[in-house]
1. So between Ser81 and Glu54, what do we pick up on full extension, going 0.36 nm a residue minus the alpha carbon distance?
2. Return Ile131, Ile165 ranked ascending by Cβ neighbour count within 10 Å, so the fewest neighbours appear first.
3. Express in nm, to one decimal, how much length is gained between Ser12 and Asp244 on full extension, taking 0.36 nm for each residue of separation and deducting their alpha carbon distance.
4. What are the residues whose amide H is under 5 Å from the amide H of Val104, where those residues sit 5 or more places off or on another chain and H is modelled from the backbone?
5. Could you tell me how far the Cα centroid of the stretch 46-70 sits from the Cα centroid of the stretch 134-202, in Å?
6. Using Cα pairs closer than 8 Å and at least 6 residues apart in sequence, work out the relative contact order for the stretch 129-203, in percent.
7. Given the stretch 124-261, what percent of its DSSP beta bridges are antiparallel, to the nearest 5?
8. Just the number, please: percent antiparallel of the DSSP beta bridges in the chain, rounded to the nearest 5.
Amino acid sequence: MSSPTASDRTGSGKWTVTPMVLGFVDPVMTPVLGLEPEIGGRLPVFSYLLEEVETHTLVVVDLGPPPADMAAHGGHINVGSPWRSAAMAVADAGFDPAAVRWVVLSHLHWDHVYGAQEFSNAVVVVQEREIAFASQPPHAQRGVFDAAVTQDLDQLHDARRLEVISGDVEIAPGLRAVLAPGHTAGSQYILAETLDGTTIALVGDMAYRYENLLGTVESSWTPIPPSLCEDAQAWLDSAIQLADVGALPLLAHDERGPELLGTPTRLVRQGDQLILHPAPAQPWDPTDRLIWTRGT
């Protein structure tokens, strides 16, 4: 297929980024960080709305899970409330979902893909390697890919609304998809340039929590692959590549990221470690990697 940028060479290449909470998933007794002991709690689910500041082109990065009843029918019993679809969130932000130009999926796990058809004029962008991986996932990941996803992609393809890319691709000026295998074979993250000069990286599930990238006391401050990871070495290579970009990563399941928007904080390398520099103005307690389990 042709590049998504074939007819989109106008605009400043600067984007605003709006985090949108779609709901929560309850990873009951899941080792979220890939560490023991197994822990419980609830994780937010974020989608991100991007707007080009001159052309007002709209892009949505990642969708979310289906509502609880549909999720349960597919074998996923951990969708909490409140819940809304990404299209509902876009409307709540004051935009028309029909005006969204692209929906970019970081990967095809069930909690990132619901509702693409609700963006009636959008082209869905996904990596070729991810489609192949989702069609024949390894045993450990069979439960996180839904057959309905493949059907949806087929329908989008038939409607000429599916853009399959291979590797790193510029979607529009100032907006780039980067192949980042690890969590899945065809995961990708999105780099967006902003007016203040910050590069924002929307990384999906490369990390469930920032501790995956930064490490913890238990890991001697070395990065920790997420508990569900197809290739740990590829994941580490992708994380290091991200740090070399010098971007601010925003995650799909960590509520602390949006607090860093508008700050100079970046993910960078320091020896064998990945760090946020400068550190957040309100430092996170490095001894409390379970801070997200507090409250409801």
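No lab work stands behind these numbers, since they all come straight from the coordinates. Since we're looking at a predicted model, the values are computed, not measured. Note: ideal-geometry Cβ built from the backbone for every residue, glycine included; neighbour counts use all protein chains shown.
1. Stretched out fully, the Ser81 to Glu54 stretch lengthens by 6.1 nm.
2. Ile131, Ile165
3. Details: separation 232, 0.36 × 232 = 83.52 nm, distance 2.43 nm.
So the chain would gain 81.1 nm between Ser12 and Asp244.
4. Val60, Val61, Asp62, Val125
5. A separation of 13 Å, based on Cα centres.
6. 22
7. Taking every DSSP beta bridge with both residues in the stretch 124-261, the antiparallel ones total about 65 percent.
8. Numbers: 33 of 47 bridges.
Antiparallel bridges: around 70 percent, rounded to the nearest 5.
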